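Here is the structure we will look at, set down as structure tokens.
Each reported figure results from applying straightforward, stated rules to the coordinates on display, with no laboratory input. Just so it is clear, the structure is predicted and the values come from calculations on it, not from any experiment. So basically every Cβ, Gly included, is an ideal-geometry build from the backbone, and we count neighbours across all protein chains shown.
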Amino acid sequence: MACHCKKEAFQKGIEKLERMHPSTPDYSVVYNHVDLMLDLPWDDYTDDQYDLKNAQKTLDNDHYGMAKIKERILEYLAVLKLKGDMKSPILCFFGPPGIGKTSLGKSIASALGRKYIRLSLGGLHDESEIRGHRKTYIGAMPGRILQSLRKAKSSNPVIVLDEIDKVGNDFRGDPSSALLEVLDPEQNNTFYDNYLELEYDLSKVLFIATANNLQNIQPALRDRLEIINLSGYAIEEKIEIAKRHLVPKQKEMHGIPKSSFKIGDKVLERLIADYTRESGVRELDRVIASIMRNRAKKIAMEEVLSTSLSAEELLQILGKPKYSSDLYKAVNSPGVAVGLAWTYVGGDILFIEASLSDGKGDLSLTGNLGNVMKESATTALSYLKSNAAQYHIDPTIFGKKSIHIHVPEGATPKDGPSAGITMMTAIASALTGKK
């Protein structure tokens with residue numbers, strides 16, 4: 001049926017062209033439409049490679065760790081192998097920046113032997129970018145999905161929809177609603193492009209989305225995604241990634257012979273702990289690049305060079321450490337508790353300080369706190385009042401002392417339900433005088 005429609009539409013286009021004079025404005029519109037129909041890979045598919053051991057090897061070579069995600073990808077390939085086709089669930093890799101979400105998509109494409117397409121959706125605010133313009137407009141074009149398939153010359157590529165959480169939304173339309181049809185396995189076998197004016201089958205395409213923040217994805221769109229959580233890397237994993245991928249890559253980029261010098265594990269660990277603070281490895285990559293630039297300069301100036309990088313050289317090249325963990329060890333006085341905070345790049349530590357002064361038992365809060373944090377502080381105080389005996393606190397003290405809770409770094413807004421226990425600990429510590 002669909003094939004018949006395509007033939008009919010194409011035949012009509014050709015007949016129109018034959019009747020038209022090439023100088024009429026409509027000629028180029030019809031010509032471009034017919035040209036697109038010829039260019040699209042209607043039934044062209046690349047053959048999938050179902051060698052799962054090889055796929056595992058490809059994924060392991062490209063990415064260190066991530067066992068759970070690799071397992072999920074191999075399960076997906078296994079079903080594809082057994083069944084021949086599969087209404088692809090849409091995988092969405094979710095996690096902080098710089099941990100390899102986009103490059104995982106590329107690895108999946110090479111493991112499967114499929115074409116790889118990356119569509120960056122950051123800041124996209126016009127739905128015709130997805131669905132195409134109607135042919136009546138001047139300068140009309142098909143949507144980005146069809147343009148990509150036309151370039152890839154295959155109807156079953158791996159398409160990575162990068163930064164799906166950063167799709168814009170304004171008076172020109174709502175692209176995330178236009179993406180619903182693209183990403184719904186039940187609907188996308190009849191995807192309708194406004195420019196093409198025919199249905200196109202996207203059901204064989206493997207879509208992979210990436211996102212940093214799930215809150216920004218429209219609920220209906222999130223419902224169609226299978227969220228796979230990628231957490232950040234631990235220091236040990238970062239050392240391995242630096243040894244296997246980052247250092248060799250930066251040596252090559254800076255023209256430094258591979259075997260000329262090496263960076264030991266201890267120095268890498270120091271580099272990661274003292275000069276970077278992130279979940280991913282982008283900052284680490286930049287720091288390694290600055291070491292390589294220093295090395296390249298010395299080679300070019302024909303200086304005498306050591307065969308391995310020492311901690312002293314690290315100080316000379318990068319200066320004093322940017323981050324230090326000594327602060328957490330040093331702060332140890334009654335009334336100060338250490339809490340954990342969620343941030344966009346992973347997490348951080350914050351101090352909660354409680355102090356007592358003569359007064360009538362009122363509670364004051366400072367620091368840039370949201371409503372939930374304020375409620376947590378009030379709840380913490382109420383809990384201590386009702387359980388004073390259990391914590392060996394004199395119940396009369398609540399009537400004589402005012403309590404002040406301060407959360408430093410006032411410029412950073414802080415909110416969330418997780419600081420309650422930390423606030424309670426800080427108040428109890430101040431009231432009992434125990435560290």
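Worth pointing out:
- P(r), alpha carbons of segment 52-229 - 10 Å bins starting at zero, rounded %: 9, 38, 36, 14, 3, 0
- With a Förster radius of 41 Å applied to the beta-carbon distance between Tyr323 and Ile397, the computed FRET efficiency rounds to 0.60.
- Rg over Rh, two decimals, the chain (C-alpha only, Kirkwood Rh): 1.11
- Ranking of Phe94, Phe261 by neighbouring Cβ atoms within 10 Å, starting from the fewest: Phe261, Phe94.
- Think of the chain as a dipole: +1 on every Lys or Arg Cβ, -1 on every Asp or Glu Cβ, centred on the Cα centre; then among Pro395, Leu363, His4, Pro395 lies furthest on the positive end.
- Segment Lys258-Asp126, length gained on full extension (0.36 nm per residue, minus Cα span): 42.8 nm
- On the basis of the beta-carbon distance and an R0 of 35 Å, Lys249 and Gln187 show a calculated FRET efficiency of 0.30.
- Taking Lys and Arg as +1 and Asp and Glu as -1, the other residues whose beta-carbon sits under 11 Å from that of Pro257 total +2.
- Spin-label pair Leu74/Trp342, simplified geometry with 7 Å Cα→Cβ offset, distance in nm: 3.1 nm
- For segment 235-318, a simple Cβ point-charge model (Lys and Arg +1, Asp and Glu -1, everything else neutral) yields a dipole of about 280 debye relative to the Cα centre.
- All-pairs alpha carbon distance profile, segment 127-182, 10 Å steps from 0, percent: 21, 50, 28, 2
- Exposure proxy ranking, count of Cβ atoms within 10 Å, fewest first, for Arg282, Arg222, Arg144: Arg282, Arg222, Arg144
- Positive minus negative residues near Thr366 (Lys, Arg vs Asp, Glu; Cβ under 13 Å): 0
- Neighbour-count ranking [beta-carbon atoms within 10 angstrom, fewest first] of Cys3, Cys92: Cys3, Cys92
- Comparing Leu230, Leu369, Leu161 in a Gaussian network model of the chain (Cα springs below 10 Å), the most mobile by mean-square fluctuation is Leu369.
- Semi-axes of the equivalent ellipsoid for segment 188-232, Cα gyration tensor, largest first, Å: 28, 13, 9
- 37 °C / 0.692 mPa s Stokes-Einstein diffusion coefficient of segment 1-121, Kirkwood radius on C-alpha pairs, µm²/s: 182 µm²/s
- DSSP bridge orientation in the chain - percent antiparallel, rounded to nearest 5: 40 percent
- A Förster radius of 25 Å, combined with the Cβ-Cβ distance separating Arg270 from Ile421, puts the computed FRET efficiency at roughly 0.15.
- Where N is the number of residues in segment 151-247, Cα Rg divided by 2.2 N^0.38 Å: 1.38
- Pair Ser290, Asn229: separation of 7 Å Cα→Cβ label points (nm): 3.3 nm
- Placing +1 on the Cβ of every Lys and Arg and -1 on the Cβ of every Asp and Glu, with no other charges, gives the chain a dipole of roughly 1060 debye about its Cα centre.
- Gain on full stretching of the segment that runs from Glu240 to Gln49 - 0.36 nm per residue minus C-alpha separation: 65.9 nm
- Computed over segment 333-432, the range of Cα coordinates on each principal axis works out to 44, 25, 24 Å, biggest value leading.
- Take the Kirkwood radius over Cα pairs of segment 235-318, plug it into Stokes-Einstein at 4 °C and 1.567 mPa s, and you get 100 µm²/s for translational diffusion.
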